[in-house]
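Beneath this line is the structure, given in structure tokens, with notes to follow.
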Amino acid sequence: AAAAAAASFKLDEPARAHKRIAFLFDSSLTAVLMMGNLSPGLKTHAVTMFEAGKLSDESLDSFLTELGSVDDISEGEAQRYFDSARTLLHTLLFLRKNSALQVGTETGLLLDLVRCESLNNLDTSTCHRVLQRNYALLLSMTPLTQGVRSVISCSPPHAGPAVPEAASIWFKLWIYSLCGRGLPSILFSRGTRVTMVPKIFQDYRTLLMCTWSNDVTQVNTSGLLSSLNEALCHSAVLVQGYCKVDHDVEEVHVPFPLAGNLEAEQCAQNVSFASPAWLRACRQLDGSATVLQLKKSLDLDLCCGFITLVKMTPVEKVAATSRLQSPPELRPAADLSLIDLRSAPSSAAAAAAA
């Protein structure tokens, strides 16, 4: 998604000689790096990112080394921290000094990480002056935490994030109704007391709990009531069926603009971590009914982001497939469900709005 957005910007060559790319983040990213117990070195960088509000390109070598040394932990909440660190690593490696994103330079632009809250502490004119003087392109992480105001800028051009409503529970439920393929879901209002597991979740061993602030956690069905009732004291909660008993789940993130777009696919092929299997799975899923419906209804060719899909397969079928194929292909099927969509407007969308 970052590849497609960044590559679509046309930057004036003379103005870029001394400027950089700014990757805008909020405090939720520093919290992940500090609380995830990923590595002691990352905590040091996270403190700098939070207190100074910036991590410059000159410090990125050490930061990227720490991100690359994080061990793969595939259990519970720790997996989310690992996935966040790995995604950040891949994003920064692509953006930094990537000549494919620039015209007229062999090495590409340097990259700074800048905290949105620090920019918001400046008055509007000062903020715009700082950005224009130092940066040729702004890219935001998405979604930003509720309450964090996004930087609005036409010069330098800014990709993302989408409006806060696009990261809300209401938007998630709306796209479920739009394509008719969402996870089984119940939205509980704040203050509700739940005394038994709802019937639609009794065949599930793992559920997703999403609070109003969009914090998503996986819980076992056996422990749902205690976790849910505690969360309902402070927030409305969306509960979703994720993995049924005696089933395995397989997730894939389909980036858009979709791979059918030649420019987007060429960008994806320039990414060192985009394996042939990953690209093949994305091409297959580009043709699924769910993805096509979302593309048509939301004009995904004018946005960048990703769609998260999940496929549940009975354990017996998984074992049989593994004996026949190595590795098994991810195919669109009747049991393919939509989890979420994360997006940010691209330069094409900004031009259309203008």
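The values are calculated or read from the model by the stated rules, or taken from the named source; none is laboratory data. On a predicted model such as this, the values are computed, not experimentally measured, just so you know. Ideal geometry is used to build each Cβ from the backbone, glycine not excepted, and the neighbour counts take in all protein chains shown. We work out accessible area using only protein heavy atoms, side chains counted, and drop any ligands, DNA or RNA first. Shrake-Rupley method; radii C 1.70, N 1.55, O 1.52, S 1.80 Å.
Observations on the model:
- Qualifying residue in the range 234-249 (condition: modelled with pLDDT under 55 and crowded, with 18+ Cβ neighbours inside 10 Å): no
- Exactly one residue among E75, E51, E66 is surrounded by fewer than 17 Cβ atoms within 10 Å (Cβ to Cβ) and at pLDDT 85 or above, and that residue is E51.
- Extreme residue, nearest to S213 (Cα to Cα), among residues of the range 132-147 that are small (G, A, S) and either open to solvent by less than 70 Å² (accessible area, probe 1.4 Å) or at pLDDT 90 or above (or both): S140
- Check on T217, touching a helix residue (DSSP H, G or I) at 6+ places or on another chain (Cβ under 7 Å) and either more than 26 Å from E250 (Cβ to Cβ) or polar (S, T, N, Q) (or both): yes
- Number of the condition not met by R129 [criteria: (1) open to solvent by 30 Å² or more (accessible area, probe 1.4 Å); (2) under 20 Å from C304 (Cα atoms); (3) without any contact (Cβ under 8 Å) to a residue 60 or more places away in the chain]: (2)
- Restricting the range 217-232 to residues that are surrounded by fewer than 14 Cβ atoms within 10 Å (Cβ to Cβ) and under 28 Å from the mean Cα position of the chain (by Cα), the residue that is nearest to D83 (Cα to Cα): N220
- Among the numbered conditions (1) surrounded by fewer than 17 Cβ atoms within 10 Å (Cβ to Cβ); (2) under 27 Å from S59 (Cα atoms); (3) among the small types (G, A, S); (4) under 21 Å from the mean Cα position of the chain (by Cα), the only one that S99 does not meet is (4).
- Close pairs from the range 197-216: first within 27 Å of E165 (Cβ to Cβ), partner acidic (D, E), Cβ under 9 Å, at least 6 apart: M209/D215; V216/D340
- So V148, is it out of contact with any strand residue (DSSP E or B) (no Cβ under 8 Å at 6 or more places or on another chain) and free of Cβ contacts under 8 Å to residues at least 12 places away in the same chain: no
- Residues in the range 35-47 that are under 23 Å from the mean Cα position of the chain (by Cα) and not in a loop (DSSP other than H, G, I, E, B): M35, L42, K43, H45, A46, V47.
- Test: residue in the range 254-262 that is among the aliphatic types (A, V, I, L, M) and modelled with pLDDT of 75 or more: yes
- Number of residues in the range 201-216 that are polar (S, T, N, Q) and either assigned to a strand (DSSP E or B) or open to solvent by 80 Å² or more (accessible area, probe 1.4 Å) (or both) equals 3.
- Residue list for the range 30-47, restricted to those being open to solvent by 20 Å² or more (accessible area, probe 1.4 Å) and within 18 Å of M141 (Cα to Cα): A31, V32, M34, H45
- Looking at S155, S177, S185, S140, just one residue is within 30 Å of T221 (Cβ to Cβ), in contact with a helix residue (DSSP H, G or I) (Cβ under 9 Å, 6 or more places away or on another chain) and not acidic (D, E), and that residue is S185.
- Flag if L228 is assigned to a strand (DSSP E or B), touching a strand residue (DSSP E or B) at 6+ places or on another chain (Cβ under 9 Å) and modelled with pLDDT of 90 or more: no
- Checked against the criterion of being farther than 30 Å from K296 by Cβ, crowded, with 20+ Cβ neighbours inside 10 Å and not aliphatic (A, V, I, L, M), the range 113-120 contains one or more residues that satisfy it.
- Tally, over the range 112-166, of residues that are aliphatic (A, V, I, L, M), within 18 Å of the chain's Cα centre (by Cα) and in a helix (DSSP H, G or I): 1
- Filtered residue count, the range 159-200, keeping only those that are open to solvent by less than 30 Å² (accessible area, probe 1.4 Å) and within 30 Å of L131 (Cα to Cα): 7
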